[in-house]
1. Report every pair of residues separated by at least 6 positions or lying on different chains whose Cβ atoms are under 7 Å apart, first residue within the stretch 33-60 and more than 16 Å from ALA119 (Cβ to Cβ), second basic (Lys, Arg) and modelled with pLDDT of 90 or more.
2. State whether one or more residues within the stretch 21-40 are over 11 Å from the mean Cα position of the chain (by Cα), at pLDDT 95 or above and surrounded by fewer than 17 Cβ atoms within 10 Å (Cβ to Cβ).
3. PHE101 passes all but one of (1) more than 12 Å from the chain's Cα centre (by Cα); (2) surrounded by fewer than 17 Cβ atoms within 10 Å (Cβ to Cβ); (3) of a type in the set (Phe, Trp, Tyr); which number fails?
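The values are calculated or read from the model by the stated rules, or taken from the named source; none is laboratory data. Computed from a prediction, not measured in an experiment: that's the story for all the values here. We place every Cβ from the backbone using ideal geometry, glycine too, and count neighbours over all the protein chains shown.
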Amino acid sequence: MYTANLLGARAAAQPVSESTLNLTERINMLEFDEKRNYIRMEIDCDITYRLADSDELHQGRCSSLSGAGVSFITNRYFDSGKAMEVNIIPKNAMAPPMTAFIEVVRSTQQDDGSYEVAATIKSIKGD
């Protein structure tokens, strides 16, 4: 199997073993036509999050994920720049859960009163 260099889509393809890829790397190997360094994958799975200065866990619904960002639906508004730790829990065993540290870019109120939070992934927490 071949995939683009994980630093971006413009790099030359390199052979890799699918079993050695983490969730972010698997997302990046999908074919795409977007004009961005990483593809955005629409997903529907559980996400838990906590603010950087709190131990209180909250729940939401992850709606998209890429190598550089994440968006999720929650019942709370967050200001741009807010730091959080998130845990994305896939529906199937193909990919393990992923814990990441993020920074909120925007919160957009939805028709049902919930908020879609878009954030940049600052780092991914190792096992």
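1. Taking only residues 6 or more apart or on different chains, the pairs are ASP44/ARG61; ASP46/ARG61; GLU56/ARG50; LEU57/ARG50.
2. For the stretch 21-40, residues over 11 Å from the mean Cα position of the chain (by Cα), at pLDDT 95 or above and surrounded by fewer than 17 Cβ atoms within 10 Å (Cβ to Cβ): absent.
3. Checking PHE101 against (1) more than 12 Å from the chain's Cα centre (by Cα); (2) surrounded by fewer than 17 Cβ atoms within 10 Å (Cβ to Cβ); (3) of a type in the set (Phe, Trp, Tyr), the one that fails is (1).
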